[in-house]
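*Asks:* Dumping the structure here so I can ask a few things about it.
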Amino acid sequence: MTESSIGKVYLVGAGPGDPDLLTIKAHRLLSSCDALVYDSLVPREVLALVPETAEQHFVGKRRGHHSVPQPSTNAVLVQLASRHRCVVRLKGGDPFLFGRGGEEAAHLERHGVAVEVVPGVTAGIAAPAYVGIPVTHRRAGSSVTFVTGHEEIDKGRPSVDWRALAGSSDGLVIYMGLHNLPHICEELIAGGLAPTTPAAAVQQGTVRGQRSVIGDLAGLAVAVREAELASPSIVVIGEVVNQRVESCAPEPAAVEMPIPIKQG
């Protein structure tokens, strides 16, 4: 069904949290939009760019907390485009990487709504960088796999095959992996990764509250639990962790992200 639309929806990447990592295009759209639909992992400093006159809708999703169903978010976007010329759908990181941006773009297209993606810096690269870890390195890793550690159980296909991943990539960058981290580490070792493989976890990368644990695959889950790391966090596994250069890491931005969620 096609609905009448006067506006355009921009699927905008908010980046990992530090407002300085917003793209110029994202900043321009946020500063001039007529309506905003935004997720949980967006700091107040980024939201402050939006005009006070803009209509705003929060549609955040976080484990263990009330979530707005995806069909409801889709419907809101279509409705806003019917009465506003510039609608920004603001998503943490990059809209097309574990952000359901592809689903939203397809829904908008089916309903005759103009849509454009504005890529953002993803936490899977930025969070490791903010502790000095490169996700690829000529001497330690020419391939990297980005993977979600928390899949929907009703996807109609098997979960991630961690044992197969253990031998298929030089490095792994895992999003939303803390809750299942003990299982993930066990499966990677069972798949052939050495227990001594370097590993790291970074909580709230790029902003105040950033904390990290550096260790090895066998001990990472215990170290994360003892350090009481919380979501949102990024896990990096591979020899690239040993290429860490602390002196190159930027200072985290002095901005507040939403309260971290403890695992378990």
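Derivation of every value follows stated rules applied to the coordinates shown; laboratory data play no part. Values in this document were obtained by computation on a predicted structure and should not be read as measured data. In this analysis, Cβ positions are derived from the backbone assuming ideal geometry, glycine residues included, and neighbour counts consider all displayed protein chains.
*Asks:* Just for the Cα atoms in region 1-101, what are the lengths along the principal axes, largest first, rounded to whole Å?
*Replies:* Answer, in whole Å and largest first: 37, 32, 24 Å.
*Asks:* With both bridge residues required to lie in the chain, what share of the DSSP beta bridges run antiparallel, to the nearest 5%?
*Replies:* 45 percent
*Asks:* Per residue of the chain, what 222 nm ellipticity follows from adding -39500 (n - 2.57) for every DSSP H run with n ≥ 4, rounded to the nearest 500?
*Replies:* Per the formula, -6500 deg cm²/dmol.
*Asks:* For PRO16, what is the net charge nearby, where nearby means another residue's Cβ is under 15 Å from its Cβ and Lys, Arg count +1, Asp, Glu -1?
*Replies:* -4
*Asks:* Where does the chain land on Rg(C-alpha)/(2.2 N^0.38 Å)?
*Replies:* 1.04
*Asks:* At a 10 angstrom cut-off on C-beta neighbours, averaged per residue, how do the peptides 106-112, 26-32 rank from highest to lowest?
*Replies:* Going by the mean number of other Cβ atoms within 10 Å, highest first, we get 26-32, 106-112.
*Asks:* Can I ask one more? Report, please, the projected area of region 182-264 averaged over directions, based on the convex hull of its C-alpha atoms, in nm².
*Replies:* 5.6 nm²
*Asks:* Excluding GLY215 itself, what net charge comes from residues whose Cβ is under 13 Å from its Cβ, given Lys and Arg +1 and Asp and Glu -1?
*Replies:* Neighbour charge sum, excluding GLY215 itself: 0.
*Asks:* Mind ordering 189-195, 33-39, 215-221 by average Cβ neighbours within 10 Å, highest first?
*Replies:* Order by mean packing, descending: 33-39, 215-221, 189-195.
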